[in-house]
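A.B. asks: This structure is in C-alpha cells; I'll ask about it shortly.
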Amino acid sequence: MPIRLLPPELVNQIAAGEVVERPASVVKELVENALDAGAARVSVELEAGGADLIRVSDDGGGIAAEDLLLAVTAHATSKIASFDDLEAVASYGFRGEALASIGSVAQLRITSRRAGDAHAHAIEVDGGLVSGPRPAAGAPGTVVEVRTLFRNVPARRKFLRSQAAETGRVHDAIDSIALGAPGIGFRLASDGRTIVDLPPQDERTRCVHVLGAGLAPELLDLSFELESPELHGPIRISGVVGTPAAAKASARNQWLLINGRSIEDRSLQHAVREAFRGLMDPSVHPVFALFVELDPRAVDMNVHPAKTEVRLRFPSLVHRAIRRAVAQALERRGLVVTERLPAVEHPEPTLPLPLGVGQRTIVHADGGIAWTPTREATEPAPAHASATMHGASAAAPLRAAESSAPVRFMQVDHAWIVVEEGDGLTVIDQHALHERVMFEDLKARIERNPLERQRLLVPELVDCGAGAIERIEALAPILDRLGLECTPAGARTIAVHSMPSFLVERGVGAQEFLVSIAASDLRADDPRAAEAALSEVLDLMACKAAVKAGDRLTNAEIAALLARRSTIDRPDRCPHGRPTAFRLTTVDLERRFGRA
C-alpha cells in the first residue's frame, strides 16, 4: 500500500481520539481556555451528561473576529510562539488541538466578543466544515457550544456511560480545575439543575468544598518551602492533608496540582503515603489536596495530550519535599509513630481506682457470654448474663477463648477500656474497637444476603445539598443491597422509603446517614469503584452505630466486646485506619516511675 498524506479532517479525528475521550475532557479543555483568557467567572451547562450539549460561558478577554478562524485550526495557539516558550509553559493550554479536534467530532459554535467591540462574532464547525465568522449578539467574553458529541463517530458515542456517570466525571473535572483557581467563580448545571455554584474563595475553603465539609475538622494545613538551585528557585507546597481518621477506602479523594494544574503522578502520591507510614492501615488511602509551586522550567507539561501527566526535571527533590511537608503537618497535630508517655513534673496524688469485675469469659453454644467472679472481683456478678452488644455478634457465634486466665478490666471516663493483659496494660478506644467489630460483622452478612430493611410509613425527606442527586443515584444499587431505598424528590432533596433495620435499632436517623453519604466522594462507575464504595458505606454504618465516647457500658457489654476482639480481622485498627488500642508494658511503667 503506498504512503499518502491523511486528509485534515481525518487528522483532527485522530487527534480527537487522544484529546476528546468523553464530555469531561471537552469541559476540561474549554474551561482551561476560559481561565487562560482571564475569566473571573466560568459557567458550564450540560444536557444528557454532555452527550447532547456542553455550553461553557466566560467573562474573559474574548477572541477577535479575525482570529476566530485560526482558533478552530489545528495547532494554532496564542499560548506559545517559540521552543523557549514550550520549555517553560505557564498557561493551561498550549497545544492548539482542542477546538479543532472537538469540531471534527461534534457541532461546535463559538460566540466571542472583546470588551471594546460593538458586537460579538460567531463561527461554526460541523464535522470539520467551517462556516463564518459572522456578526452575532453576545456579552463580552466567550460562549462555546458543543452539540451531539461524537455524532459522526457513533461507535465512540456508544462507549459513553450513563448520564449520571458522565455528569459525575464532569463534576470531578470542575473540582480539579476549581482547586487550582480558588479565586475564580465556577458554576455547573445539568439539565437545568445547578450542581456546583462556587464563589471566589480562599485556598482552604475551596479545598474543604471539594474534599467534603464533613472532613473539615480533620484537614491539616500545609505550608512548606524548600530552596533548591537545581529547580531554578524555591519549591513551595501548600494545601491540606487529612489525618489518619479521614482516610478513605479508595484513592479518589486525592488531588495533586503542580503550578495550578491537576496532574496524576504515582511517585508523588507515594511520597504522601510515606509520610503516613506507621500511622494508618496500609489498606486505606490518605485524603489530600496539595499545591506544588515551582519554576515552570523545572517541569515538562508536554508529555500527555490531555496534559494530565508531567515530567519533573528532579523528581526525587519534589518527592522529598512533599513527604517532609506532609510529615511536618502531621507532627504539628501530634501524629507521630513513636509512642511517648506524657511527662508530669509534679504528679498529684490520686485515689486508688477499682479495677472492675475480675472475670473469666465462658462462651456458650448460643453465642452468649457469661462470666464467673474470680477472687479478685470487687463487686458481685450475676450467675449468667447475656453480653452480646447490639450488632456485635450478628455475623457468627463467638469462638471459645483459648486461655482460661481471668480478664481484669475497667472503663475510664466512659470512653476507654483498660485491660490487664500479660505483663502490662492495654488501653482500648471503645468506639474504635466496636466500629471494627460491627464493620466485620456487616461485611460478613452482606456477602451472604442483602441487609434487612425497615420500611418507613411516610417517606422522610432529606436535604442533601447541591450535587448530591447524581451521587446518590449512582450509588442506588449499592444502597439497595444495604437496605436503604431512596429516590430524588427535588433539586436537593432525597425521599427515603426504607432504612437498614440495623441502623434503626441503633437509633441512627435517615438524615444523619444520608447526608454523610452525600458529602462523600463515592462512585460506582466500575466494579473496583463499586467495591470500594460498598466498603466505605459499611464503614459509615458501623461508625454511626458504634458506641461513642461518653457511653457507659455494662460489664457484660465490655466482656462481649473484649471477647470479639480476638475473633475479628485487624482488631488493632478501626476501618478508618485509626488504632483501637495501645499497650503499656511493665517495663514502660517502671521506666515512667523511675524504677528502671
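The values are calculated or read from the model by the stated rules, or taken from the named source; none is laboratory data. Values in this document were obtained by computation on a predicted structure and should not be read as measured data. With ideal geometry, Cβ positions are generated from the backbone for all residues, glycine too; neighbour counts draw on all protein chains shown. Ligands, DNA and RNA are stripped out before the accessible areas are found, and what is left, the full protein with its side chains, is counted by its heavy atoms. Shrake-Rupley method; radii C 1.70, N 1.55, O 1.52, S 1.80 Å.
A.B. asks: For a quick check of your reading of the model, give me the residue pairs whose first member lies in the stretch 418-434 and is in contact (Cβ under 8 Å) with a residue 40 or more places away in the chain, whose second is of a type in the set (Ser, Thr, Tyr), with beta-carbon atoms closer than 6 Å and at least 6 apart or on different chains.
C.D. replies: Matching pairs, first to second residue: Val419/Thr426; Asp423/Thr585; Asp423/Thr586; Gly424/Thr585; Gly424/Thr586; Asp429/Thr580; Ala432/Thr580; Leu433/Thr580.
A.B. asks: Next question. Report, by residue number, each residue of the stretch 496-540 that is modelled with pLDDT under 80, open to solvent by 30 Å² or more (accessible area, probe 1.4 Å) and closer than 18 Å to Ala216 by Cα.
C.D. replies: Glu512, Val515, Ser516, Ala519 - these are the residues of the stretch 496-540 that are modelled with pLDDT under 80, open to solvent by 30 Å² or more (accessible area, probe 1.4 Å) and closer than 18 Å to Ala216 by Cα.
A.B. asks: Considering only residues that are open to solvent by less than 80 Å² (accessible area, probe 1.4 Å), part of a strand (DSSP E or B) and not polar (S, T, N, Q), which ones fall in the stretch 216-238?
C.D. replies: Selection gives Leu219, Leu220, Leu222, Phe224, Leu226, Ile235, Ile237.
A.B. asks: Right, next: Kindly provide the set of residues from the stretch 558-596 that are small (Gly, Ala, Ser), under 30 Å from Lys544 (Cβ atoms) and in a loop (DSSP other than H, G, I, E, B), ordered by number. I'd like the intermediate steps shown before the answer.
C.D. replies: So in the stretch 558-596, the residues small (Gly, Ala, Ser) come out as 559-560, 563, 566, 577, 581, 594, 596.
Within this subset, residues satisfying the condition of being under 30 Å from Lys544 (Cβ atoms) are 559-560, 563, 566, 577, 581.
Within the stretch 558-596, Ser566, Gly577 qualify.
A.B. asks: Mind checking which residues of the stretch 541-553 are within 22 Å of Ser250 (Cα to Cα) and surrounded by fewer than 20 Cβ atoms within 10 Å (Cβ to Cβ)?
C.D. replies: Listed by number, the list holds a single entry, Lys544.
A.B. asks: Ok, one more. Report the residue count in the stretch 435-486 for those that are among the small types (Gly, Ala, Ser) and out of contact with any strand residue (DSSP E or B) (no Cβ under 9 Å at 6 or more places or on another chain). Break it down stepwise before answering.
C.D. replies: Looking only at the stretch 435-486, we keep the residues that are among the small types (Gly, Ala, Ser), and these are 444, 465-468, 474, 476, 483.
In the following step, the residues that additionally are out of contact with any strand residue (DSSP E or B) (no Cβ under 9 Å at 6 or more places or on another chain) were identified as 444, 465, 474.
The number of residues fulfilling the criteria is 3.
A.B. asks: So Ala213 clears everything in (1) under 15 Å from the mean Cα position of the chain (by Cα); (2) surrounded by 16 or more Cβ atoms within 10 Å (Cβ to Cβ); (3) in contact (Cβ under 8 Å) with a residue 60 or more places away in the chain; (4) over 14 Å from Ile177 (Cα atoms) except one condition, right? Which one?
C.D. replies: So Ala213 meets the others, but not (2).
A.B. asks: Can you pull out every residue in the stretch 240-258 that is of a type in the set (A, V, I, L, M) and part of a helix (DSSP H, G or I)? Step through it out loud before you land on a result.
C.D. replies: Step one: filter the stretch 240-258 for residues of a type in the set (A, V, I, L, M), giving 240-241, 245-247, 249, 251, 256-258.
Answer for the stretch 240-258, where residues must be of a type in the set (A, V, I, L, M) and part of a helix (DSSP H, G or I): Ala245, Ala246.
A.B. asks: Would you check which residues across the stretch 545-571 are modelled with pLDDT of 85 or more and among the charged types (D, E, K, R) and list them?
C.D. replies: Lys548, Asp551, Arg552, Glu557, Arg564, Arg565 - these are the residues of the stretch 545-571 that are modelled with pLDDT of 85 or more and among the charged types (D, E, K, R).
A.B. asks: Picking from Met280, Met301, which residue would you name as being open to solvent by less than 60 Å² (accessible area, probe 1.4 Å), within 21 Å of Arg573 (Cβ to Cβ) and modelled with pLDDT under 85?
C.D. replies: After applying the criteria, what remains is Met280.
A.B. asks: Suppose the filter is modelled with pLDDT of 90 or more, surrounded by 21 or more Cβ atoms within 10 Å (Cβ to Cβ) and either among the hydrophobic types (A, V, I, L, M, F, W, C) or outside any loop (DSSP other than H, G, I, E, B) (or both); does Val89 pass it? Give the derivation first.
C.D. replies: Details: modelled with pLDDT of 90 or more: no; surrounded by 21 or more Cβ atoms within 10 Å (Cβ to Cβ): yes; either among the hydrophobic types (A, V, I, L, M, F, W, C) or outside any loop (DSSP other than H, G, I, E, B) (or both): yes.
No; evaluated as a whole, the condition is false for this residue.
A.B. asks: Here are Ser43, Ser82: which of them is of a type in the set (Gly, Ala, Ser) and at pLDDT below 90? Break it down into steps so the answer makes sense when it comes.
C.D. replies: Working: Ser43 fails: at pLDDT below 90.
Being of a type in the set (Gly, Ala, Ser) and at pLDDT below 90 holds for just one of Ser43, Ser82, which is Ser82.
A.B. asks: Another question about this same structure. Take the residues in the stretch 196-210 that are touching a residue at least 24 places away in the same chain (Cβ under 8 Å) and open to solvent by less than 10 Å² (accessible area, probe 1.4 Å), then tell me which one is farthest from Glu45 (Cα to Cα).
C.D. replies: Only one residue fits best here, namely Cys207.
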